[in-house]
1. What are the radius of gyration and Dmax of region 65-138, computed over its Cα atoms and given in Å?
2. If packing is taken as the mean number of other Cβ atoms within 10 Å per residue, what is the order of 491-500, 324-333, highest first?
3. Run the simple label-point estimate for residue 77 and residue 31 please: 7 Å along Cα→C-beta, distance reported in nm.
4. Distance cut-off 31 Å, Cα to Cα: go down the list 221/541; 82/344; 82/221; 126/362 and report the pairs above it.
5. Given all pairs of different Cα atoms, what value in angstroms does the Kirkwood hydrodynamic radius of the chain take?
6. Nearest 10 degrees, 0 to 90: what angle lies between the long axis of helix 262-279 and the longest principal axis of the chain (Cα atoms)?
7. Taking Cα atoms of region 482-614, Rg/Rh with Kirkwood Rh, to two decimals?
8. Can you tell me how much longer the chain between residue 222 and residue 133 gets when fully stretched, taken as 0.36 nm per residue apart minus their C-alpha distance, in nm with one decimal?
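Each value in this text was obtained by applying a stated rule to the coordinates, not by laboratory testing. For clarity, every value in this text was computed on a predicted model and none was experimentally measured. Neighbour counts are summed over all protein chains in view; Cβ atoms, including those assigned to glycine, are modelled from backbone coordinates with ideal geometry.
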Amino acid sequence: MAKTVKQLAQNKSRPERATERKFAQAYGLLVDQPLSVAGLDELTRNNIVISAVMDGDRERVLSRYGNLVWELWPFITTPNTKENQKRLDWACIPEPYREVCKAVVLRYWRVGMEGSIRPGVVGLRKLLNNLATFCRFLEASSIASLGEVHPIHIAHYVHVQKARGNASRTLAIRFSVLEKLYAFRDQHPQGLRFHPWPESSALEVAGCTGMGYKDARRDGKTPLIPPAVAQALFLHAEAILKTAQTVLDERDAGLRSAWRDPQVTAIRSACFYLLGVLTGMRSSELSSIEVGAGRTEVKNGYTFHWLKSVEHKTKKGLVEFLIPAIGLEILRVLERWSEPHRAKLAAQLAEWELDQEEKTPKRLRQIAAARANRDKLFLGNGGNGVVPVPGTAWGDCLRAFATAAGVQWALAAHQMRRLYAYTFCRHRLGGLLFLKEQFKHSSINMSQLYAANPNQDVALYDEILKEVRLHKIKTIAGWTNGGELLAGGAGKKIMALRAHDFPNRAAMIEETADRITIRSTGHSWCLAQDEGCGGSGIYEKGRCGRCHNGLIDGHFKPFWQETYKHQKELLDEAQKLGPGAVKRVQRDLDEAAWVLNDMCVELTEEVPNASAAAK
């Protein structure tokens, strides 16, 4: 049976399969449902349809307002969401407060808060969880209903939450729930009757004074994978990829389990990591990759490789990510790796679809998930059958992958996206070799790469530009606050600024980072805000040591030490080529000595004219 289903699945055309992805929502039924339960009798209220789908020509209701569980899977698009995160379970709210919370959540879901967009399922789940926290506090305080809450109870709740040591961002989210209870107080007679803090806000009460909500969110910044760790992880993933075909041959020959063999499972983790750091895709986008997602095109003599997926976070939909040539090899390995999982899922789907008995909401959910996932590549075999690996499970997989690579690092999916952004940041600031390592190409800059395809993840630009800003701030802070010696005309000016007393040095550094352009020549930083030398310093490195726009810090010290050493070795060879060659080598040697003397680097031995040039 499985073999027959697999063959049928492979023979189906792509357009036919696309129409079977999932059940369409029963919009005709849903659009007639009330936007509020205020003033409705109990029977009418409980019969409001929360979710429904079309099964052929038949409308099937999945959940109603009066149910203890609201099934929301038709509203979920991300494939790596766990099944228990696709529903609202009202059992977490103590019964005395449940009806009020239901009324508030429904209204918030249907119309949203003024000045903001309507929430999705993730937002509803967060709201429900924080409502549960508040309601359990009320229950422990023996408060019979939300209508009996008084300001002293709110003050006590704030005190308890702060005493637990929660981060300001967590507190702001938790306290904002009380503002929603007040904003939608007219949805139920027992609603919260007073504003929790009439002269303040959840942000201010949480300790985020003077910061907007987006600024408060920066407290939980994704850590950057250190270069040494990133190198070890990449090499480990490449090593797995090189042996992948052999391991899969053994699996297909029956020598390894397709489901439990650690070496087989390691191939999936290696592919996930490699695609993440080579494309900057989020976990949900990686989980959305399907069979045949890669393509190649040639434009203006350049070869581009693209990887297609679905962008869920900002609702952009179908997008394509630039990948190096190795990305296509990774996709081929991953497609072969996922064959047993896809065949098993296709067989299960065929069995469910052939069953003509009454379909329960659970069975409808299973069929919809199987239709949506049968071409996915990052699959796993769990309690719910073959499904995409959940986002939460990737944390365990990646940490195990890092341990196998021999590094002590709590690897997480979004860190791969930040590493990608940092890589491009290094390129933009002049680290061209970083881009060469990333894309195996060194002659195209970032804008040219992405201008080749309009179907791109625009949000990735924001990640890259944010990383550029952070990198610039860190670099400038090192120049102005540090004690290291700097060479070059701009370096000497910045050293002189260190003695100045600025009212707010941190703000000054941030504003400077936003205003100035910093470039790397490979041997110095160029702070020219106009054309400067027109790029001549890239090829004549000695010019940068005396240029008023040049700055040389400890980052470039090893380069100048090697240059000095190399020019010394060339002196004897230059004698054979004549006076012109000697003069050029001597000039470069003197320039290197000039820079190293400014940085108080001890020269290995005295060189003719070098000391005089450095004065």
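1. 12.4, 37
2. Details: 491-500: 13.7, 324-333: 18.0.
Ranked by mean Cβ neighbours within 10 Å, highest first: 324-333, 491-500.
3. Reported label-point gap for residue 77 and residue 31 is 2.0 nm.
4. Working: 221/541 37 Å; 82/344 19 Å; 82/221 24 Å; 126/362 24 Å.
Distance filter (> 31 Å) returns 221/541.
5. Working: mean 1/r = 0.0344 Å⁻¹.
When all Cα pairs of the chain are included, the Kirkwood radius is 29.0 Å.
6. Rounded to the nearest ten degrees, it is 70.
7. Details: Rg = 16.6 Å, Rh = 16.0 Å.
So for region 482-614, dividing Rg by the Kirkwood Rh gives 1.04.
8. Details: separation 89, 0.36 × 89 = 32.04 nm, distance 2.64 nm.
Gain on stretching residue 222 to residue 133: 29.4 nm.
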